[in-house]
Amino acid sequence: MPSGPATAARTPFVLLVVVLLGGGLIGLLLLNTSLSQGSFKLSELRKRTTELTDEEQALQRDVDARSAPDALERRARELGMVPGGGPAFLEPDGTVRGLPSPAPTPEPDPEPLPGETPHGADPSPAAAPNAPAHPVFRPRGRAVAGRGRPAG
């Protein structure tokens with residue numbers, strides 16, 4: 001059995017196989033690490049998506065609550081607004097369609113209990129003691145109801 005030339009011819013082949021196996025193992029390790037990292041990132045993004053969806057739903061509930069007719073009416077009254085009467089319209093030729101009427105005067109706010117500040121009033125001592133809690137807007141001149149422009 002010759003040992004010299006056969007062994008010398010096998011050595012590069014064995015080294016090639018070892019290098020290929022080692023490179024394959026390192027490649028699999030890198031691929032597995034990359035997939036694990038992507039999995040963690042995906043999990044993190046799903047969690048963030050869930051958080052943002054919950055926040056969006058909470059904000060939508062808040063918008064819906066503030067858009068409810070009773071909430072809008074309460075906020076309008078706090079701002080000193082009053083319900084409008086029947087609308088009247090100006091036609092292009094200048095005629096008025098409908099009956100213009102002034103807006104009703106706002107109802108006064110109920111008197112606060114002793115030691116309680118009225119809603120919307122400034123509790124600081126610098127605030128005027130007899131100032132109304134909400135400004136009252138009255139139209140200037142004669143206005144067509146619902147339009148806010150003078151009718152004449």
Can we say Arg147 is at pLDDT 95 or above and either over 29 Å from the mean Cα position of the chain (by Cα) or open to solvent by 90 Å² or more (accessible area, probe 1.4 Å) (or both)? no
Among the numbered conditions (1) open to solvent by 80 Å² or more (accessible area, probe 1.4 Å); (2) modelled with pLDDT under 95, tell me where Leu28 comes up short. (2)
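For (1) open to solvent by less than 100 Å² (accessible area, probe 1.4 Å); (2) at pLDDT 90 or above, each residue gets a yes or a no:
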position: Ser39; (1), (2): yes, yes
position: Arg46; (1), (2): no, yes
position: Pro87; (1), (2): yes, no
position: Leu90; (1), (2): yes, yes
position: Pro102; (1), (2): no, no
position: Pro106; (1), (2): yes, no
position: Pro110; (1), (2): no, no
position: Gly115; (1), (2): yes, no
position: Gly120; (1), (2): yes, no
Among (1) at pLDDT 90 or above; (2) open to solvent by less than 70 Å² (accessible area, probe 1.4 Å), which single condition is Gly80 missing? (1)
Could you give every pair whose Cβ atoms fall below 7 Å, whose first residue belongs to segment 70-81 and is on the phi < 0 side of the Ramachandran plot, and whose second residue is loosely packed, with under 12 Cβ neighbours inside 10 Å and among the aliphatic types (A, V, I, L, M), counting only separations of at least 6 or pairs across chains? Ala71/Ala65
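The values are calculated or read from the model by the stated rules, or taken from the named source; none is laboratory data. All figures in this text were calculated on a predicted structure; none of them were measured in a lab. No Cβ is skipped: glycine too gets one built from the backbone with ideal geometry, and neighbour counts run over all protein chains shown. Note: accessible area is taken over every heavy atom of the protein model, side chains too, but ligands, DNA and RNA are not part of it. Shrake-Rupley method; radii C 1.70, N 1.55, O 1.52, S 1.80 Å.
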